[in-house]
Amino acid sequence: MAELRFQNIGISGLAAAVPANTIDNYAYTEHFPAEDVREIVEKTGIKERRFAEPHQCASDFCFAAADRLLNDLSVDRSEIDLLIFVSQTPDYRMPATAVILQDRLGLDKSTAAFDLNLGCSAFIYGLSVVYSFMQQGAFRKALLLDGETRSRVYSPKDRKTGFLFGDGGVAALIEKGDHFGESFFSLHSDGSRESLIKIDAGGYRNPSNAETVKEKVVDEYGNMRSDEQAYMNGADVFNFVLREIPKTVKNILATAGLEREQVDFFVFHQANSYMNSYLAKKMKVDPEKVPVSLDKFGNTSSVSIPLTIVSELQGVLPSAKKVLLCGFGVGLSWAASILSLEQCYLSELIEVE
Amino acid sequence: MQDKFIEAFKEALELENEVNLSDQFRDYDEWDSLARLSLIAMLDDEFELQIENAQFEKLETVEDLLNAVKKASA
């Protein structure tokens, strides 16, 4: 049972950066009729997204967020002992992007730095790894950087996924302190459903070749993509979410000894508003306690939970003593956490030109 | 059971015309991947039932769906 519990470790600051380049989803009609697009936008609730420029990487948004956060909080960079970069869209296949970021951010060579490859569950997984390291006496401060350029992963000619995903990056500073209190994590995996959300080619199982980059019609609806672009079996992902997430949320509440009503905010992975609304209703969670940012940024995979905190909870965090985070998706992999954000500093949302 | 299912089915897919058990539901104008999401939510909400895609693809008519619901609640 992958349940973790920590004392007096917490997020002292959080910053987020998104591309300035804003996509109006209603006007994203190059490949599909405006009428169909409107229907998709209404149902998914994703009205705008941010797309990285060709020269921008996930790590660039993380760098902007981290640089801002460290400056805002006047952090002595030599005190950062750990940097984890969470992404499935790294700069290169090697070296690890975290190592490059160690240097870009001016961190000491004594910093531990590595990447963590997971999707929508990754911010919570990443936090649990950082918190585990922080139990070591010698670790002073840690950075969890989480960035994605999911706009590049999916085909704009596949209506099942072409309107959902966006880009951005966040930085979280993790420290020790009595005021952080107790936090709880639960981590889950189901590799038997690996093919529900997947990019078939371009890794080492099916290496890139002339065939894998060819765009093909993939179904009876005329949707098109290459084997190096991602696909999603949305119906079964929805089934999975309905089956597992209410259970996972219920269990972590029990572990923390909390009733649903005692939680100040529920921050869910921002997939689409139809699924998220139904999920909240099914779990009988007060919609007032469920911040939503997917209308502005779409689904940014692992970035969506911290991005929602930065964009929607500005000014209200002093009342966020108990926050439940829950991320779910590609893997399949899912995770939940209950922690306090009462003492968390939020930088203003950064737009990167 | 049958009446409850047909009513919920019509509402989920926003169907205006009469629904017959022999209808091939994928032929409805209203049927698309978004309608599929509505159907998933309805089956979960009203019948506590999830049908995996592999199984769902074998269901062709409204009656097939109804039978799957009946079987699960039996």
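The values are calculated or read from the model by the stated rules, or taken from the named source; none is laboratory data. These numbers come from a predicted model, not from an experiment. Please note: Cβ atoms are built from the backbone with ideal geometry, for glycine as well, and neighbour counts cover all protein chains shown.
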Seminar exercise, completed: Every listed condition ((1) over 30 Å from residue A:70 (Cβ atoms); (2) away from chain B (no Cβ under 14 Å); (3) touching a Pro at 6+ places or on another chain (Cβ under 8 Å)) holds for residue A:205 save (3)
Seminar exercise, completed: Result of the Cβ filter at 9 Å on segment B:38-49, keeping first residues that are among the aromatic types (Phe, Trp, Tyr) and partners that are at pLDDT 90 or above and surrounded by 19 or more Cβ atoms within 10 Å (Cβ to Cβ), at least 6 apart or interchain, is B:47/B:5; B:47/B:69
For this session: Answer with yes or no whether residue A:97 is modelled with pLDDT under 95 and under 21 Å from the mean Cα position of the chain (by Cα).
Result: no
Problem set entry | Qualifying helices (runs of 4 or more DSSP H) (wholly inside segment A:229-330; at least 1 residues being among the hydroxyl-bearing types (Ser, Thr, Tyr), out of contact with any strand residue (DSSP E or B) (no Cβ under 7 Å at 6 or more places or on another chain) and within 14 Å of chain B (Cβ to nearest Cβ)) | A:273-282
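So, residue A:344, is that one within 21 Å of residue A:70 (Cα to Cα) and not hydroxyl-bearing (Ser, Thr, Tyr) or not?
Values: within 21 Å of residue A:70 (Cα to Cα): yes; not hydroxyl-bearing (Ser, Thr, Tyr): yes.
When the stated conditions are applied, residue A:344 passes them.
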Problem set entry | Candidate set: segment B:32-74, residues that are more than 11 Å from chain A (Cβ to nearest Cβ) and part of a loop (DSSP other than H, G, I, E, B); chosen: the one surrounded by the most Cβ atoms within 10 Å (Cβ to Cβ) | B:59
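Does residue A:58 count as surrounded by 23 or more Cβ atoms within 10 Å (Cβ to Cβ), out of contact with any Ser or Thr (no Cβ under 9 Å at 6 or more places or on another chain) and of a type in the set (Gly, Ala, Ser)? Show your work before the answer.
Details: surrounded by 23 or more Cβ atoms within 10 Å (Cβ to Cβ): yes; out of contact with any Ser or Thr (no Cβ under 9 Å at 6 or more places or on another chain): no; of a type in the set (Gly, Ala, Ser): yes.
Criteria not met by residue A:58.
Where in segment A:1-98 are there strands (runs of 3 or more DSSP E), lying wholly inside it, with at least 2 residues that are within 14 Å of another protein chain (Cβ to nearest Cβ) and free of Cβ contacts under 8 Å to residues at least 40 places away in the same chain? Give the steps one after another, and end with the answer.
On the way: elements: A:3-7, A:9-19, A:22-24, A:48-50, A:80-86.
In segment A:1-98, there are no strands (runs of 3 or more DSSP E) which contain 2 or more residues that are within 14 Å of another protein chain (Cβ to nearest Cβ) and free of Cβ contacts under 8 Å to residues at least 40 places away in the same chain.
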Seminar exercise, completed: Screening A:210, A:171 for residues that are more than 14 Å from every other protein chain (Cβ to nearest Cβ) and not in a loop (DSSP other than H, G, I, E, B) leaves only A:171
For this session: Quickly run through segment A:169-182 and pick out the residues that are touching a strand residue (DSSP E or B) at 6+ places or on another chain (Cβ under 8 Å) and surrounded by fewer than 23 Cβ atoms within 10 Å (Cβ to Cβ).
Result: A:175, A:176, A:177, A:179, A:181, A:182
For this session: Within segment A:146-161, identify whether any single residue is without any contact (Cβ under 8 Å) to a residue 60 or more places away in the chain and buried (at least 24 other Cβ atoms within 10 Å of the Cβ), and answer yes or no.
Result: no
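Tally the residues that are free of Cβ contacts under 8 Å to residues at least 12 places away in the same chain and assigned to a loop (DSSP other than H, G, I, E, B), restricting the search to segment A:99-145.
Residues of segment A:99-145 free of Cβ contacts under 8 Å to residues at least 12 places away in the same chain: A:103, A:109, A:136-137.
This time we only want the ones that are assigned to a loop (DSSP other than H, G, I, E, B), so: A:109, A:136-137.
The number of residues fulfilling the criteria is 3.
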For this session: Only residues in segment B:12-27 that are within 15 Å of residue B:39 (Cα to Cα) count as the first member; pair them with residues that are of a type in the set (Gly, Ala, Ser) and outside any helix (DSSP H, G or I), Cβ under 7 angstrom, at least 6 apart or cross-chain, and list the lot.
Result: none
Exercise. Pairs, please: C-beta under 7 Å, at least 6 apart or cross-chain, first residue within 11 Å of residue A:157 (Cα to Cα) and in segment A:204-233, second assigned to a strand (DSSP E or B) and among the β-branched types (Val, Ile, Thr)?
Worked result: A:224/A:217
